[in-house]
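My structure is below; once you've seen it, I'll send some questions.
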Amino acid sequence: MVKGLTNTTPLAEWGQEGILPSPAQRERVRVRVTGEDKRAGPAEHHTSFPSFKIISIIVLNTISPMSAFRPDPPRPITPVAPDSYTPRGVAAPVARVIEAFRRLPGIGPKSAQRLAYHLVRMPEAEAEELAEAITGVKLRIKLCTVCADITEQPTCHICQDPNRDRSVICVVEEPLDVTALERTRAYNGLYHVLHGAISPTSGIAASDLKIKELLQRLQNQQPSEEVTEVIVATNTNLDGEATAMYLQRAITPAGIKVTRLARGLPSGTDIEYADDATLAHSLESRAEIQ
Ligand code: ZN
């Protein structure tokens, strides 16, 4: 026992050879080496010798002396980054699928996890068919050389169709918009897909879209298939409006009529529930009853 020190306990007999505690424990204890060991020099050292004679181990900053020999504390849990959803305990291949699903639009973390485990349970043949379908989309699908819609051929089936009205081109932002308009069966003209909209906030300029291709298409048109109207069917948000304005300024000087889809009341809507902007646009775009 060392005079004047508390929390001191003898853990080895005088002169007994001892092995140093583990590195983590070494930080918490101090070994007092006496003049019996000539190598020791000053009377007190932090444990750094591989072998020494122990008189006592003075436990620092603890209440119980034996707490110095507790196992290393558990490593702190690293929090999962909010943009990375890899649940703990998930096998690496499954975690990879979860991350891949998460990047899809409209898929949250829970849905990604559910889909991934559905894949795990899926028969192998079915999973291979799905994988082949996904690969095929990237390998076989290309953009139509005329309208930039998605197609398997160099030119899409709409551009090839001789029954289509070639004097009207409807300009849309995305290929899905073509599908939506085709579903109406109310339009029989051609399309042009921009693959986006001008967006100053997102840094998307006209040069990033298929606008140049549209203007070249209008310039190089055949006299027999002269375009007389371009319908701008971009979205009714800020980016869509900016794109419509750009197209109107670029196309009108060529003597081609540029129109915009009317913004009005959805079918089956009560007037009293319509929002102010929609109601105002409906008034502006009113048409004679036929
Ligand atoms: Zn086409």
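Only the coordinates and a few stated rules stand behind these numbers; no lab work does. Keep in mind that what you see is a predicted model, and the values were worked out from it rather than measured. Note that we place each Cβ from the backbone using ideal geometry, even for glycine, and neighbour counts take in every protein chain shown.
Being within 22 Å of Gly196 (Cβ to Cβ) and away from the ligand (no atom under 14 Å from the Cβ) is true for just one of Pro93, Pro105. Which residue is that?
Pro105
Right, next: Could you look through the range 147-161, keep only residues that are closer than 17 Å to Leu176 by Cα and assigned to a loop (DSSP other than H, G, I, E, B), and pick out the one that is farthest from the ligand (Cβ to nearest atom)?
Glu152
Would you confirm whether any residue within the range 86-101 is assigned to a loop (DSSP other than H, G, I, E, B), surrounded by 11 or more Cβ atoms within 10 Å (Cβ to Cβ), under 23 Å from the mean Cα position of the chain (by Cα) and of a type in the set (S, T, N, Q)?
For the range 86-101, residues assigned to a loop (DSSP other than H, G, I, E, B), surrounded by 11 or more Cβ atoms within 10 Å (Cβ to Cβ), under 23 Å from the mean Cα position of the chain (by Cα) and of a type in the set (S, T, N, Q): present.
Related question: If we keep just the residues of the range 162-197 that are among the basic types (Lys, Arg) and touching a residue at least 12 places away in the same chain (Cβ under 8 Å), which is farthest from the ligand (Cβ to nearest atom)?
Looking at the filtered set, the residue picked out is Arg166.
Let me ask you something else. Which residue pairs have Cβ atoms under 6 Å apart, sit 6 or more places apart or on different chains, and have a first residue in the range 120-147 that is closer than 30 Å to Ser167 by Cα and a second that is of a type in the set (Phe, Trp, Tyr) and within 16 Å of the ligand (Cβ to nearest atom)?
Cys147/Tyr191
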